[in-house]
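Every number here is computed from the coordinates shown, using simple stated rules; none is lab data. This one's a predicted model, so the numbers in the text were calculated from it and none came from an experiment. With ideal geometry, Cβ positions are generated from the backbone for all residues, glycine too; neighbour counts draw on all protein chains shown.
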Amino acid sequence: RRLWLIVPAAGQGRRMGADRPKQYLELAGRPILARTLARLHRAFPEARLCLCLDPDDAWFDPRWVPFADWRRTPGGAERVDSVSGALAAIASEADVDDLVLVHDVARPCVTVDDLRRLRDAALAAPAGAILAAPVADTMKRDDGRGRIRATEPRDGLWHALTPQGFGYGLLCRALETARAQGVAITDEASAVEALGLAPRLVSGRRDNLKVTHPDDLGLAGWILAAQDE
Ligand code: C5P
């Protein structure tokens, strides 16, 4: 089974409020995109990479890609469209049994150890696996007007992180079915769940944060320095 990496990197990152898409902001002296790809490459130097980029992206520099085998695939309107585009782009090369790991470009702090543990779990689990972290805070549901309507039991609640790993054939089928049924999905696992399958939760580090808001950048820089990878 070959290993494919799909890195959706076609978002605009509007919540960041920056002058460029967030994956091109500097994190400890290098663009976030370069840092994320470097981590993936250290864990899986032989993998084949699909990098989903906006066709109009004017910031990307191919020198940031450390992989020997990689292709640029056109991003879509939503994250799921970007991932589907990458799956379609490799249809003639990939086997149904190949393993596909999807990892957000905006998660540069993922560790090599977590990446390999997730890969191993996804290889062993028929419905695939995702990195996830147990919820630590008490969870509140609002009433739509800024007041608390309910306290949700946090037992058994997890944050869904990336990578998320599935067989190529399974992931294609899941995303096609979700599209046909009009199910809105924000991660790959939810499309697989909609097929009635149960992907495995792999406990990952809580510092695998998704750089989303301006103050995340400083936090991510601190995490990278503390990890010393
Ligand atoms: O905006 P958010 O952080 O939730 O996006 C998650 C990931 O999906 C990012 O890596 C972003 O670049 C990617 N994305 C994409 N195509 C889109 C929207 C988001 O590849 N249309």
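Give the order of Val105, Val135 when sorted by the count of other beta carbons within 10 angstrom, beginning with the fewest.
Val135, Val105
Neighbouring Cβ atoms within 10 Å as the yardstick, rank Phe67, Phe166 fewest first.
So the residues, fewest neighbours to most, are Phe67, Phe166.
Looking at the chain only, what percent of DSSP beta bridges run antiparallel? Nearest 5 please.
45 percent
Where is the GNM fluctuation largest for the chain (alpha-carbon springs, 10 angstrom cutoff): Gly169, Gly128, Gly196?
Result for the chain, Cα springs under 10 Å: Gly196 fluctuates most.
Find out how many positive minus negative residues lie around Thr36, taking Lys and Arg as positive, Asp and Glu as negative, among other residues whose Cβ is under 9 Å from that of Thr36.
+2
Restrict the search to the stretch 68-165; then list the trypsin sites (Lys or Arg not before Pro) that DSSP places in a loop and that have at most 10 other Cβ atoms within 10 Å of their Cβ.
Listed in order of number, the matching sites are Arg145, Arg147.
Could you tell me the largest-minus-smallest coordinate of the C-alpha atoms of the chain on each of the three principal axes, in descending order and whole angstroms?
51, 42, 33
Given the options Gly75, Gly144, Gly165, which has the most mean-square fluctuation in a GNM of the chain, springs set between C-alpha atoms less than 10 angstrom apart?
Gly144
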